[in-house]
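**Student:** Mind looking over this structure? Questions follow.
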Amino acid sequence: MEAKSDPLFNLQAFLDQTDSGKTILTFTQKQTLFSQGDVADAVFYIQSGQIKLSVVSQQGKEAVVGMVDAGGFVGEGCLAGQRVCMATATTLEDSTLLRIAKQTMIRVLHDEPTFSTLFMEYILARNIRIQEDLVDQLFNSAEKRLARVLLLMAHFGKEGKPEPVLAKISQETLAEMIGTTRSRVSFFMNRFKKLGFIEYNGGLHVHSSLLNIVLHD
């Protein structure tokens with residue numbers, strides 16, 4: 001196993017050398033990991049499962065701002081000086097997470113340059129994804145936004161995962177992610193199915209042909 005290709009291996013290998021400041025947590029589906037406004041004092045590494053990040057406006061309107069899979073981090077804003085959590089993190093399925101106290105994470109990043117480099121690459125990649133999401137919301141139709149979200153959730157283009165099965169996710173959540181209504185999501189999903197871009201067979205399968213929707217002008 002190559003260290004550079006397995007963040008979980010690197011993280012646990014480095015943190016195994018630390019006796020304190022880390023806790024393994026298990027959550028069932030739809031449990032809250034932390035809420036918007038909570039004190040930000042830890043970073044969470046997702047060992048298994050999937051996390052939804054959402055925010056609520058002062059008017060009470062909720063929006064999904066991100067989905068983080070196994071191998072990703074949430075709560076890393078505390079490392080940049082955030083005192084409170086800017087979003088609510090909720091599990092979409094049974095999940096196992098490694099909670100790393102802020103000071104422990106800072107110490108590991110300082111003492112382990114290899115892991116520090118990997119973590120920086122992860123953060124930069126996430127920032128690029130956020131910028132792409134913003135452009136997507138500003139310029140693309142709801143149908144293209146939905147197609148892109150499904151492809152991203154299915155890890156399209158990643159080695160060894162040509163047509164994976166997505167975790168169960170509601171159409172309401174998809175609607176919140178792309179800024180449209182559930183009825184529109186249902187309409188588009190039915191259209192994708194008729195065109196053979198997706199199928200339901202023990203879960204939702206996304207085919208690479210769905211990329212045609214994203215690339216079509």
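The numbers here are math on the coordinates, done by the rules we state, and not lab data. Just so it is clear, the structure is predicted and the values come from calculations on it, not from any experiment. Ideal geometry is used to build each Cβ from the backbone, glycine not excepted, and the neighbour counts take in all protein chains shown.
**Student:** Quick one: pull the percentage of alpha-carbon pairs in segment 73-112 with a separation above 17 Å. Working shown, then result.
**Tutor:** Numbers: 308 of 780 pairs.
Tail of P(r) above 17 Å: 39 percent of Cα pairs.
**Student:** Now for a separate question. Given the options 146, 125, 104, identify the residue whose Cα lies farthest towards the positive end of the charge dipole of segment 59-217 (+1 on Cβ of Lys, Arg; -1 on Cβ of Asp, Glu).
**Tutor:** Value computed over the given set: 146.
**Student:** Find the Cα radius of gyration of segment 48-127, compare it with 2.2 N^0.38 Å by division, and give the number to two decimals.
**Tutor:** 1.20
**Student:** So the label point goes 7 Å from the Cα of residue 139 along Cα→C-beta, right? Which residues of segment 174-217 then have their backbone N under 15 Å from it?
**Tutor:** Only 214-217 fall inside the zone, counting backbone N under 15 Å.
**Student:** Could you work out how much longer the chain between residue 195 and residue 130 gets when fully extended? Use 0.36 nm per residue separation minus the Cα distance between them, nm to one decimal. Don't skip to the answer; put the middle values down first.
**Tutor:** Values: separation 65, 0.36 × 65 = 23.40 nm, distance 2.92 nm.
Value of the extension gain: 20.5 nm.
**Student:** In addition: Looking at segment 52-160, which GluC sites (Glu not before Pro) are DSSP coil and have at most 16 other C-beta atoms within 10 Å of their C-beta? The partial results should precede the final answer.
**Tutor:** Working: sites: 62, 76, 93, 121, 132, 143, 159; in loops: 93, 159.
Filter output for segment 52-160: 93, 159.
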